[in-house]
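J.: Once you've had a glance at the structure underneath, I'll fire off some questions.
The values are calculated or read from the model by the stated rules, or taken from the named source; none is laboratory data. This structure is a prediction, so every number in the text was calculated from the model and none was measured. These area figures cover heavy atoms from the full protein model, side chains too; ligands, DNA and RNA do not enter into them. Shrake-Rupley method; radii C 1.70, N 1.55, O 1.52, S 1.80 Å.
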Amino acid sequence: MRLSIFWRIVLTSLVIIVVMAGVALRHVVRMARRVDRLTATAQRVADGEFSLQAEGSGTDEIAGLGRAFNTVTAALGTTLARASSQEAEMRTILNSTAGGIIVIDEQGTVKLFNAPAEHIFGYEAGDVVGRNVSMLMPSPDREQHDGYLARYARTGEAHIIGTEREAEGLRRDGTTFLVSLRVRELRQDGPPRTTGRAFVGSVQDITERKQL
């Protein structure tokens, strides 16, 4: 009789353990699927689909994470849309100026090349952006240009930056022409920057003016 009761208790305990394990496993699988869906949503948002929403219903930690994710995503989408609008406005302004505008970094790599500059040099922006600005200069300026930037970064002595001068430009077709060139450093409020400098050059074709 005692043995029979003992085995009943054992069997009952085993049943309870199996049932609890099944419930726990089902809960873990459900949570894992929710995490996978949240991860997939995050990846799509990273690819630019800012209108997506993660699952945010419920009171557990994953639901709270989903709601926080939705808040951050909405704010990020709004910020990027505003930045894109401001960038478009700035490009419209730069393309409507009378002269060419060329922005380079401290290595001389072209970051911006507006429409008037395209007309002056005969290049499209896509042909120039990402390349060294010295491609727009004939020798010997082409070979010396990077040395000018390196010297300025090392000593702070500006022989060209901040001044207006005449120089020779090199068109896409290989012809040279006279330009009026003014270069200045783009500065931000606050302490002077030692890295990440950028420079903007204003260029005007003065060939006809010099001929006259």
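J.: Accessible area of residue 11, 1.4 Å probe, to the nearest 10 Å²?
T.: Roll a 1.4 Å probe over it and residue 11 shows about 100 Å².
J.: Turning to a different aspect of this structure: Solvent-accessible area of residue 16, probe 1.4 Å, all protein chains present, reported in Å² to the nearest ten, please.
T.: 90 Å²
J.: Additional query: Keeping every protein chain in place, order 143, 168 by accessible area at 1.4 Å, biggest value first, i.e. largest first.
T.: From most accessible down to least: 143, 168.
J.: Using the Karplus curve 6.51 cos²θ - 1.76 cosθ + 1.60 with θ = phi - 60°, work out ³J(HN,Hα) for each residue of the stretch 115-120 in order, rounded to whole Hz, and write x for Gly and Pro.
T.: 4, x, 5, 4, 5, 5
J.: For residue 123, what residues show an amide H to amide H distance below 5 Å, using hydrogens built from the backbone and excluding near sequence neighbours?
T.: 172
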